[in-house]
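Here's the structure we're looking at; comments come further down.
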Amino acid sequence: MEIKVNQGILSSNERTALENKKVFDENGLFVINIMGSPGAGKTTVLEKTIDILVNSVKLGVIEGDIYTSKDAQRIEKHGVPVKQINTGGACHLDAGMVSKVLTDFRLSEIELLVIENVGNLVCPVEFNLGEDIKIAVLSITEGDDKPMKYPLIFRESRAVILNKVDLIDFTDVDMNSLRTDIKRINPKIEIFEVSARTGQGINEWSRWLLEKVKDKNVKNAVN
Ligand SMILES: Nc1nc2c(ncn2[C@@H]2O[C@H](COP(=O)(O)OP(=O)(O)OP(=O)(O)O)[C@@H](O)[C@H]2O)c(=O)[nH]1
Ligand SMILES: [Mg+2]
């Protein structure tokens with residue numbers, strides 16, 4: 001009985017996600033859904049990414065948080081339009097929450113919409129928002145066992161940012177084993193080793209993301 005209820009909720013989310021996707025496509029937006037544990041560095045990576053991409057692509061940001069607007073306030077300082085969603089307790093965003101804030105943006109003026117999900121390695125991945133791709137952020141301080149313990153986020157993500165590599169000497173993380181496990185779960189995933197603190201790897205990741213945005217724009221122009 002419980003299973004049936006869950007299936008009902010998920011398929012209703014899928015329906016709304018498809019509607020969101022249609023709106024994104026009609027407006028030529030490339031949309032990424034950034035997921036990862038609390039404190040993995042999602043917002044810090046995003047801040048650094050915005051600083052690099054701000055002159056190359058028109059950005060918008062949706063910040064998902066359980067209660068506060070702290071992350072949205074951080075993003076606002078970088079001069080891009082940002083809207084906060086507070087889930088009021090839920091451990092993930094859903095497509096309906098995203099749909100409601102879309103009307104607050106001038107979508108035709110945005111090329112890349114970044115959605116930072118609620119900090120959680122498990123729940124967000126089960127709820128599509130209508131995004132083009134999912135991105136996982138894993139801090140290396142979380143440990144190299146995390147991909148095998150929480151495989152779904154790595155299976156579903158198009159890229160993973162291994163953040164906080166500046167702290168490597170203070171951890172016992174085995175980067176080879178971390179990379180091998182991630183590739184075992186998802187052979188096609190892109191892996192970026194990054195320090196949002198020092199800026200290491202941010203250029204490579206940002207260039208890759210920009211390529212994805214341009215690819216979608218080209219495809220839309222052809223169709
Ligand atoms: N040393 C180091 N610290 C980092 C790095 N990236 C982020 N931090 C720090 O890690 C802490 C958490 O970073 P956030 O960007 O807020 O993490 P988050 O994933 O957005 O967290 P939630 O939104 O709460 O889930 C902050 O104190 C950051 O300054 C990094 O590459 N190296
Ligand atoms: Mg954050």
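Values quoted throughout were computed directly from the atomic coordinates according to the rules given, and no laboratory measurement underlies them. These numbers come from a predicted model, not from an experiment. Cβ placement follows ideal geometry from the backbone for every residue including glycine, while neighbour counts extend to all protein chains displayed.
Structure above, values below:
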item: Residue 57 vs. criteria within 23 Å of residue 21 (Cα to Cα), in contact (Cβ under 8 Å) with a residue 60 or more places away in the chain, part of a helix (DSSP H, G or I) and not basic (Lys, Arg); result: no
item: Cβ-Cβ under 6 Å pairs, at least 6 apart or on other chains, the stretch 96-112 side surrounded by fewer than 19 Cβ atoms within 10 Å (Cβ to Cβ), far side outside any helix (DSSP H, G or I) and among the polar types (S, T, N, Q); result: 107/27; 108/27
item: Candidate set from the stretch 156-172 (those that are in a loop (DSSP other than H, G, I, E, B) and free of Cβ contacts under 8 Å to residues at least 60 places away in the same chain); member that is farthest from ligand 1 (Cβ to nearest atom); result: 158
item: Selected residue (only one of 54, 23 is more than 16 Å from ligand 2 (Cβ to nearest atom), among the β-branched types (Val, Ile, Thr), farther than 18 Å from residue 153 by Cβ and in contact with a His (Cβ under 8 Å, 6 or more places away or on another chain)); result: 54
item: Residues located in the stretch 99-129, provided they are within 12 Å of the chain's Cα centre (by Cα) and either farther than 19 Å from residue 211 by Cβ or of a type in the set (Asp, Glu) (or both); result: 115, 116, 117, 118, 119, 120, 121, 124, 125, 128, 129
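Residue-wise test of (1) out of contact with any Leu (no Cβ under 9 Å at 6 or more places or on another chain); (2) small (Gly, Ala, Ser); (3) within 16 Å of ligand 1 (Cβ to nearest atom).
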{"residue": "17", "(1), (2), (3)": "no, yes, no"}
{"residue": "32", "(1), (2), (3)": "no, no, yes"}
{"residue": "42", "(1), (2), (3)": "yes, no, yes"}
{"residue": "75", "(1), (2), (3)": "no, no, yes"}
{"residue": "84", "(1), (2), (3)": "yes, no, yes"}
